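Inspection log for the structure reproduced underneath, given as structure tokens.
The values are calculated or read from the model by the stated rules, or taken from the named source; none is laboratory data. Quick caveat, the model's predicted, so the values are computed rather than measured. Positions of Cβ are backbone-derived with ideal geometry, glycine not excepted, and every protein chain shown enters the neighbour counts.
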Amino acid sequence: MTFQRVTIGFIGAGNMGSAMIRCMIKRNAAKPEFIWIYDQQQDKCQQLQEELGVNIAQSSKHLAVNCSIIVLAVKPSFVAGVLSEIKNALTPSHLVLSIAAGITIRQLKDMIQEKCYVIRTMPNTPALIGEGMTAICKDSSIPEEYLTKACSILKSFGSIEFVTESQIHGATAISGSSPAYAFLFLEALADGGVMMGLSREQSYKMAAQSLLGAAKMVLQTGKHPGELKDMVCSPGGTTINAVASLEQGKFRSTIIEAVRACAKKSMDMEKGR
């Protein structure tokens with residue numbers, strides 16, 4: 001059976017779920033007729049059906065009966081309730097793929113009484129434009145075929161990286177949540193541009209393109225970020241003065257502390273705090 005014919009169900013059709021579905025179809029990771037969706041807000045399902053031609057399930061259990069891969073695209077607080085609704089419909093051939101923060105593979109398995117395979121992931125919002133970064137935690141018992149199918153889904157909206165469950169908290173902090181840090185930095189850069197006489201539109205465009213270019217330089221050159229930074233900092237020039245000001249404001253240590261705080265919250269969520 002080819003991946004194109006595997007039925008994939010999304011429980012949750014919010015920003016992340018709908019982004020995943022759109023990218024899967026756009027990049028031919030799955031055809032609309034093999035995708036099912038269910039969300040308590042039926043207007044979201046209707047919109048996606050009209051736009052993409054996907055199927056709407058009558059309930060989460062109805063979706064589970066019709067799909068071999070089930071993506072849990074709901075908030076963490078709803079996961080237990082959803083799994084309680086579908087667990088009796090699950091079989092050993094099912095694969096449950098969770099994107100919920102703070103819920104371990106062990107907890108997911110217990111919720112479904114170990115009736116099928118489970119993969120835990122942490123995507124991020126740039127998946128909305130096909131530039132996501134998804135961390136994947138896999139159970140060692142998962143067959144390669146199932147892992148391949150899961151990766152095909154996740155790669156359709158960006159890059160993937162395998163991590164252990166002990167590393168998922170760090171992954172949450174530097175990829176799952178970090179777009180918010182980048183947006184904050186971008187906004188601050190644009191504010192600085194406005195202060196120096198540029199229009200708001202010019203400032204956002206110039207700041208965003210500069211951050212995009214800088215990120216691509218790291219990925220495509222393979223050079224250390226420090227080396228790339230040194231390339232911009234001419235002796236006695238403007239950039240080194242800006243860097244000195246950032247260092248005076250404890251820029252790097254503030255970012256590191258933000259990562260630590262985010263990771264700690266992720267750990268606390270796993271412990272039910």
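General observations
- Long-range neighbours under 8 Å by Cβ, at least six apart or interchain, first residue in contact (Cβ under 8 Å) with a residue 24 or more places away in the chain and aromatic (Phe, Trp, Tyr) within the range 151-174, second crowded, with 21+ Cβ neighbours inside 10 Å and part of a strand (DSSP E or B): 157/132; 157/134; 162/135
- Of the residues contained in the range 135-154, none is found to be assigned to a loop (DSSP other than H, G, I, E, B) and under 10 Å from the mean Cα position of the chain (by Cα).
- Considering the range 177-207, and only residues there that are of a type in the set (Phe, Trp, Tyr) and surrounded by fewer than 17 Cβ atoms within 10 Å (Cβ to Cβ), the residue that is nearest to residue 259 (Cα to Cα) turns out to be 181.
- For the range 23-44, filtered to residues that are part of a helix (DSSP H, G or I) and in contact (Cβ under 8 Å) with a residue 60 or more places away in the chain, the residue that is farthest from residue 73 (Cα to Cα) is 26.
- Output for the range 61-99, where each listed residue is assigned to a loop (DSSP other than H, G, I, E, B) and over 14 Å from residue 13 (Cα atoms): 67, 68, 90, 91, 92, 93, 94
- Options 18, 98; residue that is at pLDDT below 95 and out of contact with any His (no Cβ under 8 Å at 6 or more places or on another chain): 18
- Of the candidates 53, 132, 81, the single residue that is on the phi > 0 side of the Ramachandran plot and either touching a helix residue (DSSP H, G or I) at 6+ places or on another chain (Cβ under 6 Å) or free of Cβ contacts under 8 Å to residues at least 40 places away in the same chain (or both) is 53.
- Checking each residue in the range 212-224 for being surrounded by fewer than 11 Cβ atoms within 10 Å (Cβ to Cβ), assigned to a helix (DSSP H, G or I) and of a type outside the set (S, T, N, Q) picks out 213, 216, 219.
- Enumeration of residues in the range 54-74 that are of a type in the set (Gly, Ala, Ser) and in contact with a Leu (Cβ under 8 Å, 6 or more places away or on another chain): 57, 64, 68
- Scanning the range 24-33 for residues that are at pLDDT below 95, in contact with a helix residue (DSSP H, G or I) (Cβ under 9 Å, 6 or more places away or on another chain) and not aliphatic (A, V, I, L, M), we see that the one that is nearest to residue 132 (Cα to Cα) is 27.
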